[in-house]
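First comes the structure, then the notes that go with it.
Read-outs throughout are calculated quantities, based only on the coordinates presented, and are distinct from any laboratory measurement. Please read these numbers as outputs of a predicted model, since none were measured by experiment. Glycine also receives a Cβ, built like all others from the backbone with ideal geometry; neighbour counts cover every protein chain displayed.
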Amino acid sequence: MTSEGARPPPAEAGRGWLTKTDLWAGVATLVFAASALYISADYGLGRGGRIGPGYVPLVIGVLLFGLGFLLVARTGRSYETVDSDIAWRPLLLVVGGILTFALLLSRAGLLVAIIATVVVAGPAAYGNTLLSLVISGALLSAFSWTLFVYFLKIAIPVWWY
């Protein structure tokens with residue numbers, strides 16, 4: 001008999017800590033935090049009344065470092081193991097979407113590039129239809145144009161002409 005409050009069994013014998021999800025999430029967070037701290041080391045912190053460009057990356061790096069440390073520390077209490085199977089279809093679709101955007105942005109413009117990216121990468125999540133992807137791409141294109149071109153005045157090619 002099983003009860004709903006029962007704890008899951010420990011990780012498989014012989015596999016140990018190296019298969020725990022918390023360990024790898026913590027290590028990735030620590031690497032990202034160390035990168036943020038290293039990159040922002042040369043930026044000025046500014047003064048109390050006027051913060052400099054290095055203040056926010058420093059705070060985020062320290063917070064991420066603390067989060068990564070907590071994730072690694074709780075690895076011993078974790079029961080979740082890493083699924084070593086690679087989902088090739090979603091991976092290739094998302095990478096294809098990124099490449100589609102990179103190739104189409106300067107040639108076809110922002111609006112077409114975003115719609116094409118959503119249509120290429122969208123099937124990575126099961127249940128999407130072509131109609132839902134086109135509508136999502138159109139809405140995302142309209143939002144991106146409004147934000148980046150209209151409000152922020154960033155010079156991005158909108159159309160192919």
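Residue-wise, which Karplus ³J(HN,Hα) couplings in Hz belong to the stretch 76-91, taking 6.51 cos²θ - 1.76 cosθ + 1.60, θ = phi - 60°, and x for glycine or proline?
x, 9, 7, 10, 7, 10, 6, 8, 7, 6, 9, 7, 5, 4, x, 4
Residues with beta-carbon under 14 Å from that of Leu67, excluding Leu67: net charge, scoring Lys, Arg +1 and Asp, Glu -1?
It works out to a net charge of 0.
Sum -39500 (n - 2.57) across every DSSP H segment of at least 4 residues in the chain, then divide by the residue count to get the 222 nm mean residue ellipticity, nearest 500. Show your work: numbers first, answer last.
Working: 5 runs with 86 residues, N = 161.
Here the helix-only value at 222 nm equals -18000 deg cm²/dmol.
Among Lys20, Lys153, which comes first, then next, by fewest other beta-carbon atoms within 10 Å? Walk me through the intermediate numbers first.
Working: Lys20 23, Lys153 7.
The order, fewest Cβ neighbours first, is Lys153, Lys20.
If amide H atoms are built 1.01 Å from N in the plane of the peptide, which residues on other chains or at least 5 residues away come under 5 Å of the amide H of Ile51?
Placed amide hydrogens put nothing under 5 Å from Ile51.
What ranking do Leu139, Leu37, Leu130 get, fewest neighbouring Cβ atoms within 10 angstrom at the top?
Working: Leu139 13, Leu37 17, Leu130 10.
By the 10 Å Cβ count, ascending: Leu130, Leu139, Leu37.
Which ordering of Asp83, Asp22 is given by a fewest-first count of other beta-carbon atoms within 10 Å? List each step's numbers first, then the result.
Working: Asp83 9, Asp22 20.
Neighbour counts put them in this order, fewest first: Asp83, Asp22.
Just to be sure I understand: with springs between alpha-carbon atoms less than 10 Å apart, which residue in Gly96, Gly44, Gly122 has the highest mean-square fluctuation in the Gaussian network model of the chain?
Highest fluctuation of the listed residues: Gly44.
Nearest 20 debye, what's the magnitude of the dipole of the chain about its Cα centre given +1 on Lys and Arg Cβ and -1 on Asp and Glu Cβ? Each step should come with its number before you reach the end.
Numbers: 10 positive and 7 negative charges, 87 e Å.
So the magnitude is around 420 debye.
Let me know the shape class of the stretch 16-77, please: from the alpha-carbon gyration tensor, a ≥ b ≥ c as square roots of the eigenvalues, rounded when a/c is under 1.5, otherwise prolate if a/b is greater than b/c, or oblate.
On the way: a/c = 5.81, a/b = 2.93, b/c = 1.98.
Cα axes put the stretch 16-77 in the prolate bin.
Return an integer: the convex hull volume of the alpha-carbon atoms of the chain, in Å³ per residue. Intermediate results must be reported in sequence, preceding the final value.
Numbers: hull volume 35.8 nm³, N = 161.
Looking at the chain, the number lands at 223 Å³ per residue.
Counting other C-beta atoms within 10 Å, and keeping those with at most 13, which DSSP coil trypsin sites (Lys or Arg not before Pro) do you find in the stretch 50-94? Write down the numbers at each step before the final one.
Numbers: sites: Arg50, Arg74, Arg77; in loops: Arg50.
Sites meeting the loop and neighbour criteria: Arg50.
If I take every Cα pair under 8 Å that is 6 or more residues apart in the chain, average their sequence separation and divide by the length, what percent do I get for the relative contact order?
Working: 187 pairs, mean separation 31.6, N = 161.
About 20 percent, as a whole number.
Taking a ≥ b ≥ c as the square roots of the eigenvalues of the Cα gyration tensor of the stretch 68-161, is the shape rounded (a/c under 1.5), prolate (a/b larger than b/c) or oblate? Walk me through the intermediate numbers first.
Working: a/c = 2.72, a/b = 1.86, b/c = 1.46.
Judged from the Cα gyration tensor, the stretch 68-161 comes out prolate (a/c at least 1.5, a/b above b/c).
Name the residues whose placed amide hydrogens come within less than 5 Å of the amide hydrogen of Thr81, ignoring near sequence neighbours (fewer than 5 apart) on the same chain.
Counting only residues 5 or more places away or on other chains, the set is Thr21.
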